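The block underneath contains the structure these notes are about, expressed in structure tokens.
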Amino acid sequence: MLRTTTGLGVALLLSAGVARAADVPASPADYASKLAGLKPGDTLKLAPGDYKSGMNLFNVHGAAGAAIVIEGPPSGAPARFLGVNGKNTIDIRDASFVTIRNLLLDGQNIDGVDAIKAGGQASNFAHHITIEGCTITGHDGGQTNQQIVGISTKIVAWDWVIRKNVFDGAGTGAYLGNSDGTRAFIGGLIENNLFKKTLGYNMQVKHQLHRQQADVPSVPTDKRVTIIRHNVFIKQNLPSPDGARPNLLADGFPASGPGSDDHYEIYGNFFFHNDGDALFQGNGRIHFHDNLLVDSKFPAVRLAAHQGKTVIDALVYDNTIYDTASGISFGSAPSGQKLVAGNAIFSPQPLSGVTGAIDNVTGTVADAMSHVVSPSKTLGQMDFFPKPGSKLKAAAVDLSSVKADVDFDRDFNGTQRDFTYRGAYQGEGTNPGWKPDATLKGTTGSGGTGGGGGGG
């Protein structure tokens with residue numbers, strides 16, 4: 001009898017928990033008032049239409065396992081948020097466990113309007129925020145303002161997930177962290193996004209001076225990893241009013257104290273075209289593998305000091321690089337761990353400033369024809385999968401030193417590796433995976449959630 005009563009009690013508690021969560025329908029006429037009443041676990045389901053007053057997410061808190069979700073229709077006519085003069089379209093401050101999903105954010109080329117911005121003062125924060133399945137467009141002031149941003153964090157932010165979004169026209173796609181190195185972006189997961197038509201960076205993660213515990217006591221102090229995987233970073237030859245920028249810049253972490261042992265894991269990404277700067281630039285602790293980098297008049301991978309941050313760990317393995325001015329370039333020798341192995345590099349200068357590289361295949365741009373199926377700089381036609389019998393297959397590379405990386409043994413397609421192939425792909429012949437193009441890449445990681453959890 002006791003067992004039956006206990007089971008019933010648990011069932012009633014679970015039922016009560018489910019009852020607290022609700023689907024809340026909303027329209028352009030009433031969404032602001034309904035937003036104010038959301039509780040942990042609730043989903044605000046926005047109808048198709050034009051939303052012209054933006055959205056303030058101030059002091060909005062879901063809970064672990066019960067995020068507050070704000071979502072538009074998954075298909076068909078969108079819930080479209082239009083830019084408004086003098087304010088950001090979605091402002092976030094002192095918020096946690098919130099998911100924003102399936103919205104179209106159209107800045108209408110209005111100057112000075114960010115699409116999604118976590119902003120405020122030193123004491124403000126935003127954590128466990130997920131932004132998923134959104135399209136951001138018209139946020140560049142009509143191709144005149146590089147400072148307008150698709151997703152921006154200017155307050156202390158941790159455990160964000162930015163996933164499956166399309167950035168199609170912005171001054172800068174994503175700008176994570178405050179420009180002066182304060183108000184850090186900590187332990188993020190950025191995956192399966194498409195960045196194109198940005199004036200400056202597709203994405204930048206700012207350097208970090210400290211964790212700002214005095215201002216935000218709840219900021220995490222344990223070791224964190226920021227994961228950037230399976231994204232598409234494309235630059236076009238658009239005007240850059242403030243100067244050319246890399247497709248992706250990842251700057252280093254605090255020199256001492258909490259965060260000083262953090263690192264990046266950047267893998268499975270496609271970097272395409274940059275006439276003005278490197279495809280990727282980074283410093284601090286960089287784990288960079290199984291990426292495909294094509295077409296730049298500058299280095300494909302540049303690891304160099306920036307904003308006072310030096311290169312500490314440089315682990316660059318199993319990448320394919322084609323037709324860039326140089327392949328892998330070190331501005332100075334890393335002060336910590338170094339590994340340059342298993343890469344396939346077809347460039348006039350495959351390695352620059354790199355010593356101790358092992359088990360790489362290097363050659364001229366023309367040499368690529370002997371090794372991969374269809375070397376090209378044309379989206380939708382290029383195919384860098386190894387040809388049968390090419391020299392990209394050889395004795396296995398020893399990568400035991402990086403086995404703690406989340407997906408160290410997964411190639412560009414997410415396929416299990418045996419480490420006998422140089423470059424971003426495991427296998428030869430017909431490529432079974434996503435073909436590089438200006439589309440979302442569907443490949444998923446086998447695990448890992450960045451710093452320890454997302455918003456939804």
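The values are calculated or read from the model by the stated rules, or taken from the named source; none is laboratory data. Source: prediction; values computed, not measured. Don't worry about glycine lacking a Cβ; one is built from the backbone with ideal geometry, like all the others, and counts go over all protein chains shown. Calculation scope for accessible area: heavy atoms of the full protein, side chains included, ligands and nucleic acids excluded. Shrake-Rupley method; radii C 1.70, N 1.55, O 1.52, S 1.80 Å.
Its alpha carbons considered, the stretch 13-153 gives a radius of gyration followed by a Dmax of 15.1, 56 Å. Taking all protein chains together and rolling a 1.4 Å probe, Ser256 ends up with roughly 90 Å² accessible.
Placing dummy labels 7 Å off each Cα toward the beta-carbon, the span from Val84 to Thr430 is 5.4 nm.
Counted residue by residue at 0.36 nm each, then reduced by the alpha carbon distance between them, the extension gain from Gln213 to Ala122 reaches 31.7 nm. Note that the stretch 226-234 has calculated 3J(HN,Hα) couplings of 9, 9, 10, 9, 6, 9, 10, 10, 10 Hz, one per residue in order, obtained from phi through the Karplus relation 6.51 cos²θ - 1.76 cosθ + 1.60 (θ = phi - 60°); glycine and proline are x. Measuring only protein heavy atoms, the 1.4 Å probe finds Asp261 accessible over about 90 Å². When you restrict to C-alpha pairs under 8 Å that are six or more residues apart and normalise by the size of the stretch 279-377, the relative contact order lands at 24 percent. Each label point was placed 7 Å from the Cα along the Cα-to-Cβ direction; for Ala396 and Gln349 their separation is 3.6 nm.
Once semi-axes √(5λ) of the Cα gyration tensor in Å is worked out from the coordinates, which option in (i) 65, 23, 16; (ii) 38, 25, 22; (iii) 38, 30, 19 does it equal? Only one listed value fits the structure, namely (ii). Computed over the chain, the per-residue total of -39500 (n - 2.57) for DSSP H runs of n ≥ 4 gives a 222 nm mean residue ellipticity of -1500 deg cm²/dmol, rounded to 500. Here the chain carries DSSP beta bridges of which approximately 5% are antiparallel, counting only pairs with both residues inside. For the stretch 297-311, the residues whose backbone nitrogen is under 14 Å from a point 7 Å from the Cα of Ala255, taken along Cα to Cβ, are 306-311. Against the compact-protein benchmark of 2.2 N^0.38 Å, the Cα-based radius of gyration of the stretch 273-392 scales to 1.02. Per residue, the average separation of C-alpha pairs within less than 8 Å and at least 6 apart gives the chain a relative contact order of 10 percent. Across the stretch 219-315, the mean sequence separation of Cα contacts (distance under 8 Å, 6 or more residues apart), normalised by length, yields a relative contact order of 29 percent. Counting only protein heavy atoms and a probe of 1.4 Å, the accessible surface of the chain is 52% carbon and sulfur. Near the amide H of Thr43, within less than 5 Å, lie the amide hydrogens of Ala22, Asp23, Val24, Val69, all on another chain or at least 5 residues away, with H placed in the peptide plane.
The residues of the stretch 180-254 expose on average 27 square angstrom of accessible surface per residue, using a 1.4 Å probe on protein heavy atoms.
Ordered from highest to lowest accessible area with the whole protein assembly present and a 1.4 Å probe, Ser179, Ser260 read as Ser179, Ser260. Helix 2-20 axis versus longest C-alpha principal axis of the chain: approximately 80°, rounded to the nearest ten. Rounded, prolate or oblate for the stretch 341-415? Axes are the square roots of the Cα gyration tensor eigenvalues, ordered a ≥ b ≥ c, and the cut-off for rounded is a/c under 1.5. Oblate shape, in that a/c is at least 1.5 and b/c is the bigger or equal ratio. Protein heavy-atom accessible surface, 1.4 Å probe, per residue over the stretch 316-388: 38 Å². Per residue, the accessible area of the stretch 19-160 comes to 37 Å², computed with a 1.4 Å probe over protein heavy atoms only. Of all beta bridges that DSSP places with both ends in the stretch 79-169, some 5 percent have antiparallel geometry. Between Ala64 and Thr378, the distance separating the two model label sites (each 7 Å from Cα on the Cα→Cβ line) works out to 5.3 nm. In this structure, Ala404 and Thr444 have a Cβ-Cβ separation that, at R0 = 30 Å, corresponds to a calculated FRET efficiency of about 0.90.
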